[in-house]
Amino acid sequence: MKRLFATLLLVLALPGFALASPDLPKLVQLIDYVGVDYLGAIQDGEIISPAEYAEMRDFSVAIVEQTQQLPRHTNVAEIQAMASQLAHMVENRQAPDQVAALSAKLRHSLITSFNVIVTPRMAPNLPRARQLFSENCASCHGLTGQADSLQARAMEPAPTDFTDAERYSQRTLYGLYSTITAGVADTGMRGFAELSEADRWSLAFLVGQMAVDTTTANAGKAALASKGAVSELADLKRFTITTPYEAQLAYGEDGAAVMGYLRSQPETLFANASPLDFARSTLMESRDAYRAGKQDEAYQLAVAAYLEGFELVEHGLDSVDGELRLSIETEMTQYRNLVRGNNAISLVDNKAAQVHGLLDLAAERLSGNTLSTGAAFASAFIILLREGLEAILVVAALAAFLIKTERKDGMVYLHIGWAGALVLGVFTWIASVTLFNFSGASREITEGIAALVAMAVLFYVGFWMHSKTNAIQWKRFIDGSVQKALSTGTLWGLAGLSFIAVYREVFETILFYQALWVQANGPAQTMLLSGFGSASVVLALLSWLILRYSTRLPLRQFFSATSIFMFVLAIIFAGKGIAALQEAGKLPIDPVSFPRIDLLGIYPNLQGLAVQAGLVLLAAFILWSTNMRRRPAAA
């Protein structure tokens with residue numbers, strides 16, 4: 001039966017074909033395939049499936065050829081010897097359990113020696129995986145994974161029954177992930193490379209648990225709680241490349257049970273994961289990818305190390321050691337720039353080591369995985385105050401505008417905008433907990449786009465308000481009636497601006513609070529709520545003060561002051577929007593020597609400063625042209 005790697009086999013069989021270095025993930029997948037499917041070819045030294053046995057012989061030879069092309073490493077000779085031994089065992093039809101044991105040893109040695117990435121970067125999203133399984137897999141594998149669909153009955157070979165205990169015991173999660181990614185040649189199983197890496201891992205976890213029964217899972221939970229040697233299986237890397245059968249051989253029945261429990265409850269593997277641990281491990285994966293010549297992959301890993309690792313603790317660190325937080329952020333930016341360019345490996349290695357050391361220092365400052373009560377309060381207070389103030393400044397300015405123009409009836413539109421943003425924020429929080437896993441990149445992209453949209457609207461509103469400070473334009477505005485000038489469309493536009501300004505801050509605040517909550521213990525969580533409440537009171541007071549004193553200005557002066565305020569906010573949002581897209585890896589970043597002022601959205605990079613300078617020049621031109629038009633009118 002022709003299954004996996006038919007295309008790979010054809011390429012390897014071409015005479016004279018040589019590669020400078022094999023595709024390590026595919027080589028691991030090939031070894032895994034031999035270890036699992038050899039059982040279907042040989043029984044008691046006899047061939048029970050000639051087609052399967054021929055495939056195993058070919059693949060074992062391919063493994064030998066591939067290992068001969070491995071780059072220099074201290075363990076290469078040992079790996080090549082094991083590959084040759086594996087081919088010899090297959091050729092001599094030795095027992096399947098011996099072949100499986102050697103293939104497992106070879107697989108582990110290859111992964112360890114060459115740092116092959118075999119783990120997901122985040123916890124699997126099982127609700128999302130169930131949806132994907134229903135849409136893409138159920139037609140063949142059945143709704144429950146038993147391969148009992150009508151379509152499955154007509155397929156040859158039959159789709160995998162994920163509830164089959166024997167096959168379950170022989171497959172690693174990394175092997176399942178690889179199969180979902182590449183597919184199985186000459187079968188109905190195609191690859192799903194178009195799905196994101198996170199989605200493919202989530203599917204692997206889902207199908208990898210379908211054969212686990214409740215009794216096994218409960219036994220595994222109890223065994224893991226005993227804190228014995230079997231708890232070593234809770235190491236994520238070991239877990240994803242170990243089969244339940246291998247775990248049983250190493251730890252007895254408890255090993256198999258723990259594998260069943262961890263597959264059925266994968267959140268256990270990620271519950272105690274520190275964002276700083278993720279940042280450090282992903283940083284090293286980025287360095288290794290750069291060493292292997294995978295520049296794009298190295299850059300994406302560097303972005304992930306920051307967004308999905310360090311950024312989740314930076315507010316807590318800022319309250320403990322602000323200088324260290326800024327230093328790490330700066331060094332990680334420099335590291336991303338190094339891997340983006342064609343720089344010497346030694347430079348990348350040195351910078352990676354420097355960043356890793358700073359992250360170690362940050363871990364010491366934060367004293368492990370939990371926040372202190374003081375850091376929890378300060379982080380919660382600063383986050384809400386910083387994010388909320390930006391939104392309130394916009395909403396308060398718009399509210400004052402409506403009050404000054406005697407259009408209080410338009411306040412309902414404004415309230416619809418910010419209240420809608422809060423309601424959507426609640427649904428965003430629920431979705432992030434139950435349905436989706438908002439990665440750092442998706443968060444930054446959402447924030448960046450929202451900030452740039454708000455920038456454009458704010459700049460336009462500022463231009464419109466400033467145009468009314470001209471005497472002639474002001475007279476036309478009054479004579480034309482404020483009621484007519486502020487049409488329903490305009491009022492909905494103000495509502496839209498209110499929504500965008502508030503939702504952007506709500507979105508960021510929710511996700512940061514989730515990260516803080518995970519890092520906090522009981523007392524620290526109480527202080528988080530206290531910080532949230534205190535910041536809410538301060539924001540309410542600031543809103544009242546801004547609204548009260550802004551409406552005391554004469555109308556034309558109010559328009560003039562508010563238009564300048566809108567210009568300033570537009571420039572701030574431009575800087576923040578570009579910075580967010582840069583952090584997500586969607587825009588390049590070229591550092592320059594310039595002061596960093598977070599409050600004003602000023603960051604020392606060429607792209608952000610250039611856009612902000614352009615907006616300043618445009619705003620200055622608008623002010624100048626307006627003043628020039630006033631002179632003839634005054635004469």
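The values are calculated or read from the model by the stated rules, or taken from the named source; none is laboratory data. What you see is a predicted model; the values in this text were computed from it and never measured. A quick note on method: Cβ atoms are made from the backbone with ideal geometry, for glycine too, and the neighbour counts reach across all protein chains shown.
Can you pull out the residues in region 178-195 that are in contact (Cβ under 8 Å) with a residue 40 or more places away in the chain and within 18 Å of Val116 (Cα to Cα)?
Of everything in region 178-195, those that are in contact (Cβ under 8 Å) with a residue 40 or more places away in the chain and within 18 Å of Val116 (Cα to Cα) turn out to be Ser178, Thr179, Ala182.
Of the numbered conditions (1) surrounded by fewer than 18 Cβ atoms within 10 Å (Cβ to Cβ); (2) at pLDDT below 85, Val64 fails exactly one; give the number of that condition.
(2)
Pick from region 162-173 the residues that are among the charged types (D, E, K, R) and surrounded by fewer than 19 Cβ atoms within 10 Å (Cβ to Cβ): which of them is farthest from Glu246 (Cα to Cα)?
Looking at the filtered set, the residue picked out is Asp164.
Could you grab the pairs with beta carbons closer than 6 Å, sequence gap of 6+ or different chains, first residue in region 575-598 and under 22 Å from Gly309 (Cβ atoms), second one part of a loop (DSSP other than H, G, I, E, B) and among the β-branched types (Val, Ile, Thr)?
Qualifying pairs under 6 Å: Gln582/Ile589.
Could you please find all residues in region 335-348 being surrounded by 14 or more Cβ atoms within 10 Å (Cβ to Cβ) and either of a type in the set (Lys, Arg) or in contact (Cβ under 8 Å) with a residue 24 or more places away in the chain (or both)?
Tyr335, Arg336, Asn337, Val339, Arg340, Val348, listed by residue number.
Got a sec? Which of Arg128, Arg121, Arg93 is part of a helix (DSSP H, G or I) and either modelled with pLDDT under 90 or buried (at least 16 other Cβ atoms within 10 Å of the Cβ) (or both)?
Unique residue meeting the criteria: Arg128.
To keep it simple, each residue is scored yes or no on (1) out of contact with any Leu (no Cβ under 7 Å at 6 or more places or on another chain); (2) crowded, with 23+ Cβ neighbours inside 10 Å.
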{"position": "Gly175", "(1), (2)": "yes, yes"}
{"position": "Gly183", "(1), (2)": "yes, no"}
{"position": "Glu197", "(1), (2)": "yes, no"}
{"position": "Ala219", "(1), (2)": "yes, no"}
{"position": "Ser231", "(1), (2)": "no, no"}
{"position": "Gly260", "(1), (2)": "yes, yes"}
{"position": "Thr268", "(1), (2)": "no, no"}
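Within the group Leu414, Leu424, which residue is at pLDDT 75 or above, in the same structural domain as Leu539 (by TED's automatic domain parsing), in a helix (DSSP H, G or I) and within 14 Å of Ile510 (Cβ to Cβ)?
One residue alone meets the criteria, Leu424.
Return yes when Asn337 is part of a loop (DSSP other than H, G, I, E, B) and closer than 24 Å to Leu581 by Cβ and no when it is not.
no
Could you list, in sequence order, all residues of region 38-72 that are in a loop (DSSP other than H, G, I, E, B) and closer than 15 Å to Leu106 by Cα?
Leu70
Across region 349-364, which residue is nearest to the chain's Cα centre (by Cα) among those that are charged (D, E, K, R) and loosely packed, with under 15 Cβ neighbours inside 10 Å?
Applying the filter and picking the extreme gives Asp360.
Considering region 115-147 alone, what residues qualify as being more than 13 Å from Pro266 (Cβ to Cβ), aliphatic (A, V, I, L, M) and touching a residue at least 12 places away in the same chain (Cβ under 8 Å)?
Answer for region 115-147, where residues must be more than 13 Å from Pro266 (Cβ to Cβ), aliphatic (A, V, I, L, M) and touching a residue at least 12 places away in the same chain (Cβ under 8 Å): Val116, Ile117, Val118, Leu132, Ala147.
Being part of a helix (DSSP H, G or I) and of a type outside the set (A, V, I, L, M) is the filter; apply it to region 23-37 and report the residue that is nearest to the chain's Cα centre (by Cα).
Pro25
Before we move on, is Ala100 loosely packed, with under 13 Cβ neighbours inside 10 Å and part of a helix (DSSP H, G or I)?
The answer is no for Ala100.
From the list Glu135, Glu91, which residue is farther than 30 Å from Met284 by Cβ and out of contact with any helix residue (DSSP H, G or I) (no Cβ under 9 Å at 6 or more places or on another chain)?
Glu135
If I filter region 315-322 for residues that are surrounded by fewer than 18 Cβ atoms within 10 Å (Cβ to Cβ) and not in a helix (DSSP H, G or I), do I get at least one hit?
Checking region 315-322: at least one residue is surrounded by fewer than 18 Cβ atoms within 10 Å (Cβ to Cβ) and not in a helix (DSSP H, G or I).
Output the number of the condition that Leu617 fails; it satisfies all remaining conditions of (1) surrounded by fewer than 15 Cβ atoms within 10 Å (Cβ to Cβ); (2) under 33 Å from the mean Cα position of the chain (by Cα); (3) at pLDDT 80 or above.
(2)
Can you tell me which residues in region 96-118 are within 30 Å of Ala304 (Cα to Cα), hydroxyl-bearing (Ser, Thr, Tyr) and modelled with pLDDT of 85 or more?
Ser109
Hey, any hits in region 300-310 for a residue that's among the small types (Gly, Ala, Ser), more than 17 Å from Asp349 (Cβ to Cβ) and either crowded, with 22+ Cβ neighbours inside 10 Å or in contact (Cβ under 8 Å) with a residue 60 or more places away in the chain (or both)?
Within region 300-310 (the criterion being among the small types (Gly, Ala, Ser), more than 17 Å from Asp349 (Cβ to Cβ) and either crowded, with 22+ Cβ neighbours inside 10 Å or in contact (Cβ under 8 Å) with a residue 60 or more places away in the chain (or both)), the answer is yes, since at least one residue qualifies.
Within region 44-58, does at least one residue satisfy the condition of being over 17 Å from Ile241 (Cβ atoms) and surrounded by 21 or more Cβ atoms within 10 Å (Cβ to Cβ)?
Looking through region 44-58, at least one residue is over 17 Å from Ile241 (Cβ atoms) and surrounded by 21 or more Cβ atoms within 10 Å (Cβ to Cβ).
Checking Asn342 against (1) modelled with pLDDT of 80 or more; (2) under 20 Å from Pro588 (Cβ atoms); (3) part of a helix (DSSP H, G or I), which single condition isn't satisfied?
Of (1) modelled with pLDDT of 80 or more; (2) under 20 Å from Pro588 (Cβ atoms); (3) part of a helix (DSSP H, G or I), only one is false for Asn342: (3).
Restricting attention to region 139-158, does a residue exist that is in a helix (DSSP H, G or I) and within 14 Å of Ala204 (Cα to Cα)?
Yes: one or more hits.
Output the residues belonging to region 278-299 that are without any contact (Cβ under 8 Å) to a residue 12 or more places away in the chain and under 21 Å from Gly357 (Cβ atoms).
Once the filter is applied, which keeps residues that are without any contact (Cβ under 8 Å) to a residue 12 or more places away in the chain and under 21 Å from Gly357 (Cβ atoms), region 278-299 yields only Ser281.
Rundown of residues vs (1) farther than 30 Å from Ala353 by Cα; (2) charged (D, E, K, R); (3) at pLDDT 90 or above, yes/no style:
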site	(1), (2), (3)
Arg238	no, yes, no
Ala247	yes, no, yes
Gly252	yes, no, yes
Ala256	yes, no, yes
Gly260	yes, no, yes
Ala271	no, no, no
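Can you tell me which of (1) out of contact with any Lys or Arg (no Cβ under 8 Å at 6 or more places or on another chain); (2) buried (at least 16 other Cβ atoms within 10 Å of the Cβ); (3) closer than 20 Å to Gln209 by Cα is the one Phe192 doesn't meet?
Against the list (1) out of contact with any Lys or Arg (no Cβ under 8 Å at 6 or more places or on another chain); (2) buried (at least 16 other Cβ atoms within 10 Å of the Cβ); (3) closer than 20 Å to Gln209 by Cα, Phe192 comes up short only on (1).
Could you list all residues from region 537-548 that are surrounded by 14 or more Cβ atoms within 10 Å (Cβ to Cβ) and at pLDDT 80 or above?
Result: Val538, Leu539.
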